[in-house]
1. Answer with yes or no whether ALA44 is assigned to a helix (DSSP H, G or I), free of Cβ contacts under 8 Å to residues at least 60 places away in the same chain and open to solvent by 40 Å² or more (accessible area, probe 1.4 Å).
2. Criterion first (at pLDDT below 75, of a type in the set (Phe, Trp, Tyr) and either open to solvent by 80 Å² or more (accessible area, probe 1.4 Å) or outside any helix (DSSP H, G or I) (or both)) does PHE6 satisfy it?
3. What tally of residues in region 89-114 results from selecting those that are open to solvent by less than 10 Å² (accessible area, probe 1.4 Å) and touching a Ser or Thr at 6+ places or on another chain (Cβ under 7 Å)?
4. Check ILE323, ILE391, ILE381 and return the single one that is without any contact (Cβ under 8 Å) to a residue 60 or more places away in the chain, under 22 Å from the mean Cα position of the chain (by Cα) and buried (at least 17 other Cβ atoms within 10 Å of the Cβ).
5. Being open to solvent by less than 70 Å² (accessible area, probe 1.4 Å) and either modelled with pLDDT of 85 or more or more than 22 Å from the chain's Cα centre (by Cα) (or both): is that true of LEU214 here?
6. Among the residues in region 278-289, are any in a helix (DSSP H, G or I) and within 25 Å of LYS93 (Cα to Cα)?
7. Would you mention how many residues in region 325-372 are within 17 Å of CYS108 (Cβ to Cβ) and among the polar types (S, T, N, Q)?
Amino acid sequence: MQNAVFNLNASSAAIGIITIAVMLICGFALTRLTKLLKLPNVTAYIITGILIGPYCLNLVPPIVRDYTEFLPDVALAFIAFSTGQFFRINALKGNGAKVLIITIFEACAASVFVFAAAYFVLKMDLAFSTVLAALASATAPASTMMTIRQTGAGGDFVNTLLQVVALDDVVGLIAYSVAISLALASGISGAFDFKNIVIPLLINCASFFIGGALGFLLKILLPPNRSKDNRLILSVAVLFGFCGVCQILGVSPLLGCMFMSTVYINITNDDNLFKQLNNFSPPFLLLFFVRSGVCFELNSLAENNSGSVSLLTLGVVYFVIRIAGKYTGAFVGCMLTRKNKLVRNYLGLALIPQAGVAIGLAELGARTLGGNTGSALRTVILASSVLYELIGPACAKLSLSLSHSYDKNLKAQEIETISDNKSIVNILIERIREIQNELPEHARTPENLNVNSQAQPVRRILHQNNIHYRQ
């Protein structure tokens, strides 16, 4: 009978497997609630981690947290790889210079505002202020893209927004690489050491070009006649291997993974690989965000872990100042590039969300800096990210509405079917029919009832607004 008793001490593997199952199930379950509130899934995942973490239900053993430290690297690799597909050379040629200027201004303005508030006003230490300022530049594309898809928005505002969001993470990654190097250099020697700054930057550049070389390798490994299963296996193997190399070198895999996919998409024009990886990565992303919530130290919000103020005060200041920096930088950038008034006035509202990349970099920064400084960095970014994801989608939708980027009369259910079995033209034609049926009988002339004759102007309007359609 004694042998039949389940021995938890001898079943650490079972504990780990069951815990991962609990994280997946609870994360999914909470998305049912956030979906009703029209909030992004990442909000549900972070809240799930807090609820099942040590400060609430305590369902995640410390050993599971310790043995899943690789999750930030893997999750960020998938995020960065999927972002790289937006950097098609043809798409960047027409508007690339203007978008680059806008991105640099809005990202750098957010970083400068946050650094000034943290270092000069709140008197935080230099290393912490530098890394926190770098993280302020990053924007979460998921919430913005989800809102665009749900509303069916299009036009110059949306095109500019998508390109800025994609480039934004590149600027954020570069800023983080520079900031962490400066922070380590100042922390090790008490003063800036040229060697400690240059060497990490050179290593980051090396990882960047290694990622580009792996993009060419993927083209060789993934010919069109390769089966879907083998394409997935080989691409995941390359991503995991690259993450391991970056871990050994002590650098973030994001820049390299982004350049890898940029090279791949431009030399192959293959969208199918990204669709496969997007279908494969959700469990990893869920576990990463839930684990981030589990590691969220609620009690540290009231403590003075860094500087002379509580992290709660720092978090509130960071939350407000970053929004001000994003809006101001986007406004100035659009003004310098002579963007139209609607883009200039409302682009900054759509750049508020912050989650995936910032949280991943915060995890890497916490691991690199260590101690109270690393813990404080993770806590501030996680707390503010939850708030950003709560208000971000609403602000993005408001910006799309104020910029007249979508037709409010189109039904949301209709828009969601665009990618499946309807084109935008077909939806608009159906709307024309509905309007015609509501007209008085004398107004329903043969000319008005000829839907096909009305389709040509509709197609012309869509083309003028850079909205693509399928016949």
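The values are calculated or read from the model by the stated rules, or taken from the named source; none is laboratory data. Quantities reported herein were computed from a predicted structural model and do not represent experimental measurements. Cβ sites come from the backbone with ideal geometry, for glycine too, and all protein chains shown count toward neighbours. To get the accessible areas, we keep the full protein, side chains included, count just its heavy atoms, and leave off ligands, DNA and RNA. Shrake-Rupley method; radii C 1.70, N 1.55, O 1.52, S 1.80 Å.
1. Taking the combined requirement at face value, the residue does not satisfy it.
2. On the way: at pLDDT below 75: yes; of a type in the set (Phe, Trp, Tyr): yes; either open to solvent by 80 Å² or more (accessible area, probe 1.4 Å) or outside any helix (DSSP H, G or I) (or both): yes.
Judged against the criteria, PHE6 is a match.
3. Initially, region 89-114 is screened for residues open to solvent by less than 10 Å² (accessible area, probe 1.4 Å), giving 99, 102-103, 106-107, 110, 114.
Next, from what is left, pick out any that are touching a Ser or Thr at 6+ places or on another chain (Cβ under 7 Å): 99, 102, 107, 110.
Adding up the residues that qualify gives 4.
4. On the way: ILE391 fails: buried (at least 17 other Cβ atoms within 10 Å of the Cβ); ILE381 fails: without any contact (Cβ under 8 Å) to a residue 60 or more places away in the chain.
That would be ILE323, the only listed residue that is without any contact (Cβ under 8 Å) to a residue 60 or more places away in the chain, under 22 Å from the mean Cα position of the chain (by Cα) and buried (at least 17 other Cβ atoms within 10 Å of the Cβ).
5. Details: open to solvent by less than 70 Å² (accessible area, probe 1.4 Å): yes; either modelled with pLDDT of 85 or more or more than 22 Å from the chain's Cα centre (by Cα) (or both): yes.
It is true that LEU214 is open to solvent by less than 70 Å² (accessible area, probe 1.4 Å) and either modelled with pLDDT of 85 or more or more than 22 Å from the chain's Cα centre (by Cα) (or both).
6. At the first step, the residues of region 278-289 found to be in a helix (DSSP H, G or I) are 278-280, 282-289.
Checking the rest, the ones that are also within 25 Å of LYS93 (Cα to Cα) come to none.
There is no residue in region 278-289 that is in a helix (DSSP H, G or I) and within 25 Å of LYS93 (Cα to Cα).
7. 3
Each row is one residue, and each column tells you yes or no for (1) farther than 22 Å from LEU173 by Cα; (2) crowded, with 24+ Cβ neighbours inside 10 Å; (3) touching a Lys or Arg at 6+ places or on another chain (Cβ under 8 Å); (4) at pLDDT 90 or above.
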residue: ILE267; (1), (2), (3), (4): yes, no, yes, yes
residue: GLN276; (1), (2), (3), (4): yes, no, yes, yes
residue: SER281; (1), (2), (3), (4): no, no, no, no
residue: GLU297; (1), (2), (3), (4): yes, no, yes, no
residue: TYR327; (1), (2), (3), (4): no, no, no, yes
residue: LEU336; (1), (2), (3), (4): yes, no, no, yes
residue: ALA350; (1), (2), (3), (4): no, yes, no, no
residue: ALA355; (1), (2), (3), (4): no, yes, no, no
residue: LEU361; (1), (2), (3), (4): no, yes, no, no
